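The values are calculated or read from the model by the stated rules, or taken from the named source; none is laboratory data. For clarity, every value in this text was computed on a predicted model and none was experimentally measured. With ideal geometry, Cβ positions are generated from the backbone for all residues, glycine too; neighbour counts draw on all protein chains shown.
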Amino acid sequence: MTAPSCHVVGAIARVQPASAADVRRWVEREPGAEVATSNEEGTLVLVLEGPDDAAVVDIMERLRNEPGVLDVQFVYHQIVEGAEAPA
């Protein structure tokens, strides 16, 4: 049996400043996602976690489809062995 692992990804989202609050709320409702920091120009630094890379990519793809999101870029990936991803 394979030990559990957690994929941790750092990402940057660029959003229209007028949509930043709505996008932040979307991220905060998403299991395994959080806004680490943001600025008034519409840049959000995200931390995403999932049981595998497909789960994290799914969060990023759904975020890209949210109104006001201009782009989401992957910047960091780490696999933490023996850790469980959030449900």
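Within the stretch 11-26, identify whether any single residue is in contact with a helix residue (DSSP H, G or I) (Cβ under 9 Å, 6 or more places away or on another chain) and of a type in the set (Asp, Glu), and answer yes or no. I'd like the intermediate steps shown before the answer.
Taking the stretch 11-26 as the starting set, the residues that turn out to be in contact with a helix residue (DSSP H, G or I) (Cβ under 9 Å, 6 or more places away or on another chain) are 11, 13, 15-16, 23, 26.
Of the ones still in play, those that are also of a type in the set (Asp, Glu) are none.
No, every residue in the stretch 11-26 fails to be in contact with a helix residue (DSSP H, G or I) (Cβ under 9 Å, 6 or more places away or on another chain) and of a type in the set (Asp, Glu).
Have a look at Glu49, Glu41, Glu66, Glu81 and point out the one that is free of Cβ contacts under 8 Å to residues at least 40 places away in the same chain and either on the phi < 0 side of the Ramachandran plot or of a type in the set (A, V, I, L, M) (or both). Please lay out each step first, then the result.
Numbers: Glu49 fails: free of Cβ contacts under 8 Å to residues at least 40 places away in the same chain; Glu66 fails: free of Cβ contacts under 8 Å to residues at least 40 places away in the same chain; Glu81 fails: free of Cβ contacts under 8 Å to residues at least 40 places away in the same chain.
Among Glu49, Glu41, Glu66, Glu81, only Glu41 is free of Cβ contacts under 8 Å to residues at least 40 places away in the same chain and either on the phi < 0 side of the Ramachandran plot or of a type in the set (A, V, I, L, M) (or both).
Suppose we filter the stretch 1-20 for residues that are exposed (fewer than 12 other Cβ atoms within 10 Å of the Cβ) and of a type outside the set (Val, Ile, Thr); how many remain?
Taking the stretch 1-20 and keeping what is exposed (fewer than 12 other Cβ atoms within 10 Å of the Cβ), we get 1-3, 18.
With the extra rule that they be of a type outside the set (Val, Ile, Thr), the set shrinks to 1, 3, 18.
Of the residues in that region, 3 qualify.
Does Ala36 qualify as being exposed (fewer than 13 other Cβ atoms within 10 Å of the Cβ), in contact with a Gly (Cβ under 9 Å, 6 or more places away or on another chain) and either assigned to a helix (DSSP H, G or I) or β-branched (Val, Ile, Thr) (or both)?
Details: exposed (fewer than 13 other Cβ atoms within 10 Å of the Cβ): yes; in contact with a Gly (Cβ under 9 Å, 6 or more places away or on another chain): yes; either assigned to a helix (DSSP H, G or I) or β-branched (Val, Ile, Thr) (or both): no.
Taking the combined requirement at face value, the residue does not satisfy it.
Name every residue in the stretch 1-49 that is under 17 Å from Met60 (Cβ atoms), aliphatic (A, V, I, L, M) and over 12 Å from the mean Cα position of the chain (by Cα), in order of residue number.
Selection gives Val15 alone.
Regarding the stretch 72-80, can at least one residue be identified that is at pLDDT 95 or above, hydrophobic (A, V, I, L, M, F, W, C) and assigned to a helix (DSSP H, G or I)?
Among the residues of the stretch 72-80, not one is at pLDDT 95 or above, hydrophobic (A, V, I, L, M, F, W, C) and assigned to a helix (DSSP H, G or I), which makes the answer no.
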